[in-house]
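Encoded as structure tokens, the structure appears first; notes follow it.
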Amino acid sequence: MRYVTRDEMKQIDRDAIEQGVPGATLMENAGKAVAAEAMTLAQEGKIVVLCGYGNNGGDGLVAARHLAQKGREVTVFLVGKPKSLSPETNDNLERLFDIGLRPEIISSRDDIARIFGKCPKPGLIIDAIFGIGLRGEIDDFYSVLIGQINSIGAPVLSVDIPSGLDADTGSAIIKAVKAAVTVTLGYPKAGFKNEKAKEYIGRLIVADIGLVSPENFSNQVREVSLPESNLVRKINKVICTRHGRQGRLKPRHPWIYKGQLRKIAAAIKPGDVIKIVDAAGKFIGRGYYNPKSMIAARILTFEDEEINTDFFIKKIALAAEKRKELLEQTNAYRAIYSEADGLPGLIADVYADTVVFQILTLGMEKFRSIIIEGIRDCLRPRYVYDKSVSSFRKLEGLKDSSGWLYESGSGIVEIFEGEVRFLVDIERGHKTGFYLDQRRSRMALGGFSKNKKVLDLFCYTGAFSVSAAIDGAKYVRGVDIKEEWLGFARKNAELNGVSERCEFVKEDAFEALEKVCGGSEKFDMIIIDPPSFLKNKESLASASKGYKKLNTLAMRALTDGGILATFSCSHNMPNEAFSNILKDASQDAGKKFTILKRCHQAEDHPVVRAIPETEYLKGYFLRVDNRVSQQV
């Protein structure tokens with residue numbers, strides 16, 4: 001008999017779906033198989049179905065529906081704190097509602113005592129709580145629940161694997177359900193070979209749910225031997241670049257545009273993992289494909305390696321390892337930076353005990369469950385928040401997605417950056433909640449803002465303003481157009497004890513500067529950190545006018561010898577173009593400036609030279625004097 005590991009089983013599932021077997025069909029077949037065995041095992045009495053919130057729980061919901069439709073008395077419980085359901089599991093929950101079955105929730109020890117205390121001994125318990133993905137530790141709630149299941153004295157049928165059992169080792173993770181029968185789906189798991197596992201598995205049934213091939217699917221539950229030849233054959237989906245200049249790629253760059261590819265085979269679907277070769281058939285890399293985007297293919301690896309769970313776990317673990325040194329100065333940082341970490345379309349930011357992630361491409365969306373598993377395993381957050389809200393998702397044919405996973409955390413998180421503390425609104429704030437890329441520039445203010453009167457434009461939640469005040473500024477005025485953000489800026493000033501020296505004003509930045517220039521007020525330091533004025537190269541000329549006007553006004557509003565800290569956060573604004581804008585601005589303002597410091601994005605946003613798009617933030621600290629301008 002062929003036994004498979006957890007990762008092999010997940011890959012088999014994905015391969016089946018690639019071959020045209022929908023996930024909903026696999027779940028339906030699994031539930032039917034479990035229901036058929038349940039009818040044999042318990043010919044009378046109530047059947048209690050305990051479902052988790054993952055796909056294993058979905059299998060249990062299908063089984064409950066089929067048993068109820070056959071006239072059996074069925075009670076269904078959803079186990080654990082409420083979480084987001086997969087589309088297939090959610091559909092099957094709704095189908096239960098349609099036949100009048102409404103699951104109760106067991107989410108606390110009190111629930112366990114109340115429900116099992118009053119419930120007479122059932123004829124059968126179906127255990128569909130955990131699937132093969134369980135690893136690490138289980139909390140006390142599940143330990144108590146499993147103990148209760150084992151002590152009640154009713155026979156237990158476990159779906160795929162007894163809850164609490166490690167699929168690869170066959171050992172109990174603290175505690176595991178002791179089943180009379182385990183209906184394992186598709187293939188027996190590697191851990192079942194362990195002699196100790198037999199205590200938990202009971203009689204092992206292998207259910208054919210359609211993983212081998214749709215035409216061979218028999219919808220039977222049986223004890224069978226599965227020869228290795230029956231394993232799902234991997235489909236090697238290949239795309240090829242064009243001949244000559246049209247198909248020429250930038251060395252080690254992960255983006256491939258539609259026009260660089262030959263005609264794509266019909267078998268290759270949006271989101272598929274593909275192998276990329278050149279016109280001569282030479283291997284280029286492996287990645288994913290989406291014809292809805294101008295960037296039709298994104299390369300995940302330039303090595304000829306499998307794209308599976310281990311691949312993603314290793315990538316996420318490596319990204320986390322690279323950021324370890326940052327933990328000495330902050331508890332907020334970018335843990336995964338898309339292409340720069342070899343994971344195009346994925347962003348993950350750490351805010352204290354919370355990780356906020358964004359999945360921006362269809363190809364990466366296909367690996368959502370693996371990515372979340374990797375985030376939890378490698379970054380070890382207490383809370384995980386999905387903030388996949390971006391115009392990029394629309395370009396990829398995706399709807400926005402947001403919300404807490406597993407357990408709801410606080411929408412407001414306190415972080416620290418050196419000696420400064422900030423409150424971050426991860427639910428309603430811009431992007432993931434905070435501009436982590438400006439950490440270096442904020443921490444550099446100490447050498448410039450002491451005893452200065454500071455104007456902070458586009459201040460957002462006051463990070464530059466508060467940092468300047470902490471570093472000794474005598475007065476700071478933060479300006480932004482959103483009152484909601486300014487409210488957070490005031491809270492951040494209060495949190496750090498600098499409210500008396502900080503004022504936050506709702507006003508357009510251009511109008512604020514024009515008002516200053518039109519009066520007698522001057523500032524010793526002005527900070528300009530605007531949103532990107534250009535989204536593509538075509539808008540460079542018009543955006544340059546905005547940057548020039550902003551910096552010209554700022555130079556006029558400074559005292560003689562004042563400091564201008566000015567930034568651009570667009571990749572499409574080359575550093576040379578930005579430098580020329582500052583030259584022109586100084587000419588128009590009748591000023592001269594000296595470069596005191598060049599600024600770049602923080603080290604958790606690494607720049608990969610082969611991928612120019614990874615470098616986007618640029619800035620200068622300038623000393624501006626009332627003299628004739630000079631060249632940079």
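The values are calculated or read from the model by the stated rules, or taken from the named source; none is laboratory data. Predicted model only: the values in this text are computed from it and were never measured. Positions of Cβ are generated from backbone atoms using ideal geometry, with glycine treated the same way; all protein chains shown enter the neighbour counts. Heavy atoms of the whole protein, side chains included, go into the accessibility calculation; ligands, DNA and RNA do not. Shrake-Rupley method; radii C 1.70, N 1.55, O 1.52, S 1.80 Å.
Quick notes
- Rh (Kirkwood; distinct C-alpha pairs) - the range 442-529, Å: 12.6
- Here the simple spin-label model places points 7 Å from the Cα toward Cβ, and for Leu327 and Glu521 these points are separated by 4.5 nm.
- In straight-distance terms, cross-link reach from Lys32 covers every one of the aspartates and glutamates whose alpha-carbon lies under 12 Å from its own, apart from those fewer than eight places away in the same chain; here that gives Asp59, Asp208.
- Taking 7 Å steps out from each Cα toward its Cβ at Asp304 and Glu414 produces label points 5.6 nm apart.
- Ordering of 400-410, 166-176 by burial proxy (mean other Cβ atoms within 10 Å per residue, highest first): 166-176, 400-410
- Remark: the range 1-119 carries 44 Å² of accessible area per residue (probe radius 1.4 Å; ligands, DNA and RNA excluded).
- List Phe510, Phe392, Phe97, ordered by accessible area with a 1.4 Å probe, largest first: Phe392, Phe97, Phe510
- Rounded to whole numbers, the Karplus 3J(HN,Hα) couplings from phi for the range 452-467 are 9, 9, 10, 10, 10, 8, 6, 6, 6, 9, x, 5, 5, 4, 5, 4 Hz, using 6.51 cos²θ - 1.76 cosθ + 1.60 with θ = phi - 60°, and x at Gly and Pro.
- Applying the Kirkwood pairwise sum to the alpha-carbon positions of the range 523-632 produces a hydrodynamic radius of 14.2 angstrom.
- Of Lys250/Lys545; Lys81/Lys314; Lys10/Lys314; Lys549/Lys591, pairs whose Cα-Cα distance is over 21 Å: Lys250/Lys545; Lys81/Lys314
- Amide H within-cut-off set for Ile274, under 5 Å, with H built and near neighbours excluded: Gly287, Tyr288, Tyr289
- Ser499-Glu613 FRET efficiency (beta carbon distance; Förster radius 25 Å; 0.05 resolution): 0.05
- Taking amide H atoms as placed 1.01 Å from N in the peptide plane, the amide H of Leu124 lies under 5 Å from those of Val48, each 5 or more residues away in sequence or on another chain.
- As a rough guide to protection, the peptides 379-385, 470-476, 50-56 ranked by mean Cβ packing within 10 Å, highest first, stand as 50-56, 470-476, 379-385.
- Stretchable slack from Ser390 to Lys198, in nm (0.36 nm times residue separation minus alpha-carbon distance): 64.2 nm
- Within straight-line reach of Lys491, meaning a Cα separation under 26 Å, sit the following lysines at least 8 residues removed in sequence or on another chain: Lys387, Lys431, Lys450, Lys452, Lys453, Lys474, Lys482, Lys506.
- Cα→Cβ-extended label distance, 7 Å offset, between Leu596 and His571, nm: 3.2
- Relative to one another, the C-alpha centroids of the range 305-384 and the range 101-122 are positioned 37 Å apart.
- Segments 118-124, 276-282, 296-302, 520-526 sorted - mean Cβ within 10 Å per residue, highest first: 296-302, 520-526, 118-124, 276-282
- For the pair Lys506 and Ala266 in one chain, pulling the backbone fully straight at 0.36 nm per residue adds 81.0 nm over the alpha carbon distance.
- Ligands, DNA and RNA left out, the accessible area of the chain computed with a 1.4 Å probe is 48% carbon and sulfur.
- Per residue, the range 367-513 exposes 44 Å² of accessible surface when a 1.4 Å probe is rolled over the protein heavy atoms with every protein chain present.
- Here Arg252 and Gln148 are evaluated by their C-beta separation; at R0 = 45 Å the FRET efficiency comes out at 0.20.
- Taking all pairs of distinct alpha-carbon atoms in the range 270-338, Kirkwood radius in angstrom: 14.2
- Accessible area per residue in Å² at 1.4 Å probe, computed on the range 255-300: 44
- Each stretch of four or more DSSP H residues adds -39500 (n - 2.57); spread over every residue of the chain, this sum gives -9000 deg cm²/dmol at 222 nm.
- For a straight C-alpha distance cut-off of 16 angstrom, the aspartates and glutamates reachable from Lys198 (same-chain residues fewer than eight places away being disregarded) are Asp160, Asp166, Asp168, Glu223.
- Relative to the current alpha-carbon distance between Asn451 and Lys431, full extension at 0.36 nm per residue lengthens the span by 3.9 nm.
- Each listed q (0.06, 0.08, 0.10 Å⁻¹) maps to a log10 I(q)/I(0) for the chain from the Debye sum over equal C-alpha point scatterers, namely -0.43, -0.70, -0.96.
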